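Novice: The structure is given below, and queries will be raised subsequently.
The values are calculated or read from the model by the stated rules, or taken from the named source; none is laboratory data. Source: prediction; values computed, not measured. All Cβ positions, even for glycine, are placed from backbone atoms using ideal geometry, and neighbour counts span all protein chains on display.
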Amino acid sequence: MNNFNFDNRTKIIFGKGTESEVGKLTKIYGKKVLLHFGGGSIKRFGLYAKILKSLHENNIDFIELGGVAPNPRLGLVNEGIALCRKEKVDFILAVGGGSVIDSAKAIAMGVPYNGDVWDFFDGKAFVEAALPLGVVLTIPAAGSETSTATVITKEEGLIKRGSGSPLVVPMFAIMNPELTYTLPNFQTACGAVDMIGHVIERYITKVKNVELTDRLCESVIRTVINNAPKAITNNNDYNARAEIMWSGTLAHNGLVGTGRQDDWASHGIEHELSAIYDIAHGAGLAMIYPAWMKYVYKEDVNRFAMFANKVFNIDINPFDLEETALKGIKALEDFYVSIGMPIRMSDLDIDGKNIDLMAEKATLNGKMTLGAFKVLDINDVKAIYKLAL
């Protein structure tokens, strides 16, 4: 097990009706608030009115900025930064899923920074200050409600990059599974894939003697696999929704990665896919993960055989671990298909014409490698895209 630091400051307020506490929590941290959200769904289903009622009851002054799109855009981030500076905002309240939270984090990073906020995503600057923020979670998927990370798409060049800092970990996250009842099944399924992906990035490691976190990783993945079909079959299954929502947080708050070496190559490869084709991140990961696994599993066949056994109850063939490993990858693909996810680019009518471009962007024209379990160069990335066709 590697040395590690673990610190997660987010206060979790979990359960039915907890959104009514948002005003009381917000006034602890701010006097002038940016209410940040996506489209019209929070208004159509009544959450917006509940948020406003709680803010008014606690005498909180706020301004609004809606319009966050999936794969959140730099243009809106810059608009939010300018608005916060003009209105002297001192706290950001993100109401939505990962895209809204990521956009809020980028705004929080950018407000006190004198340069271009994209500097953080280009690696030209490090976050030294940020506005505090809180979350009312409506889409369990990205785990951004307790993570250090944010991912933004720059419209010019369709460049999707991640950044982050402990300074943008939310102060609180209100998590009511009832708020997810109205999610389309596709979004629920994409969220399940994203959660599983966040765990796989930590689980597939060459670090030895990480038994505890191995079991934690496997438990989170199994919980998602067990409950996502239930939530899709019955949108109002509170227990299934609760298991999924909490799994999404545990998948990405850093706990299951303690003492391990993360990989993150698949996320980097997928980001270029969703940047160019504007597909849901979870759908892109459903295509990339099986392809990546098929490309790298021989680096440690034992670990992939363990994944097959512990997650999918596949018996280990001691005489042919490769067979067991491949069965585990196939089982993951079958699960994705069972919840309506694409597992090939061709499932979404995406051909291979942009493979070279995506690989160049993912590796900064071959100047950067991806991953840690198996270090990938530009040709490796191209090969993985081809396996995902």
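Novice: Ser103 is checked against (1) more than 29 Å from Lys367 (Cα to Cα); (2) within 16 Å of the chain's Cα centre (by Cα) and fails just one. What number does that condition carry?
Specialist: (1)
Novice: Just the residues that are assigned to a loop (DSSP other than H, G, I, E, B) and out of contact with any helix residue (DSSP H, G or I) (no Cβ under 7 Å at 6 or more places or on another chain), please, taken from segment 8-34.
Specialist: Correct list: Asn8, Arg9, Thr10, Gly15, Gly17, Gly30, Lys31.
Novice: Now for a different question. How do the helices (runs of 4 or more DSSP H) wholly within segment 46-122 filter down when requiring 3 or more residues that are in contact with a Pro (Cβ under 8 Å, 6 or more places away or on another chain): which remain?
Specialist: Counting at least 3 such residues, we get 98-110.
Novice: Please indicate, with yes or no, whether at least one residue in segment 381-388 is among the aromatic types (Phe, Trp, Tyr), touching a residue at least 24 places away in the same chain (Cβ under 8 Å) and not in a loop (DSSP other than H, G, I, E, B).
Specialist: Within segment 381-388, one or more residues are among the aromatic types (Phe, Trp, Tyr), touching a residue at least 24 places away in the same chain (Cβ under 8 Å) and not in a loop (DSSP other than H, G, I, E, B).
Novice: If you don't mind, another one. Would you be able to tell me the number of residues in segment 252-272 that are within 22 Å of Lys160 (Cα to Cα), not in a loop (DSSP other than H, G, I, E, B) and not charged (D, E, K, R)?
Specialist: Selection size over segment 252-272: 7.
Novice: Here are some conditions: (1) touching a Pro at 6+ places or on another chain (Cβ under 6 Å); (2) buried (at least 16 other Cβ atoms within 10 Å of the Cβ); (3) in the same structural domain as Tyr48 (by TED's automatic domain parsing). Gly191 meets all but one. Which one does it not meet?
Specialist: Unmet condition: (3).
Novice: Take the conditions over 23 Å from Glu155 (Cα atoms) and either assigned to a helix (DSSP H, G or I) or under 25 Å from the mean Cα position of the chain (by Cα) (or both) and apply them to Leu131. Does it pass?
Specialist: It is true that Leu131 is over 23 Å from Glu155 (Cα atoms) and either assigned to a helix (DSSP H, G or I) or under 25 Å from the mean Cα position of the chain (by Cα) (or both).
Novice: Based on this model, can you work out whether Asp347 counts as touching a helix residue (DSSP H, G or I) at 6+ places or on another chain (Cβ under 9 Å) and not assigned by TED's automatic domain parsing to the domain that holds Asp122?
Specialist: Yes.
Novice: Out of Ile288, Ile269, report the one residue that is touching a residue at least 60 places away in the same chain (Cβ under 8 Å) and touching a His at 6+ places or on another chain (Cβ under 9 Å).
Specialist: Of Ile288, Ile269, the one residue that is touching a residue at least 60 places away in the same chain (Cβ under 8 Å) and touching a His at 6+ places or on another chain (Cβ under 9 Å) is Ile288.
Novice: Which count do you get for residues in segment 325-359 that are among the polar types (S, T, N, Q) and either in a loop (DSSP other than H, G, I, E, B) or within 23 Å of Ala383 (Cβ to Cβ) (or both)?
Specialist: Residues meeting the conditions: 2.
Novice: Please find, among Tyr295, Tyr277, the residue that is assigned by TED's automatic domain parsing to the domain that holds Thr205, touching a strand residue (DSSP E or B) at 6+ places or on another chain (Cβ under 9 Å) and over 26 Å from Pro229 (Cα atoms).
Specialist: Tyr295
Novice: Here's something else I'd like to know. Kindly indicate which of Phe45, Phe62, Phe37 is at pLDDT below 95, closer than 17 Å to Ile174 by Cβ and hydrophobic (A, V, I, L, M, F, W, C).
Specialist: Being at pLDDT below 95, closer than 17 Å to Ile174 by Cβ and hydrophobic (A, V, I, L, M, F, W, C) holds for just one of Phe45, Phe62, Phe37, which is Phe45.
Novice: Kindly check whether there is at least one residue in segment 126-140 that is hydroxyl-bearing (Ser, Thr, Tyr) and in contact (Cβ under 8 Å) with a residue 60 or more places away in the chain.
Specialist: yes
Novice: Just the residues that are part of a helix (DSSP H, G or I) and either farther than 18 Å from Ala325 by Cα or without any contact (Cβ under 8 Å) to a residue 24 or more places away in the chain (or both), please, taken from segment 189-213.
Specialist: Ala189, Cys190, Gly191, Ala192, Val193, Asp194, Met195, His198, Glu211, Leu212, Thr213
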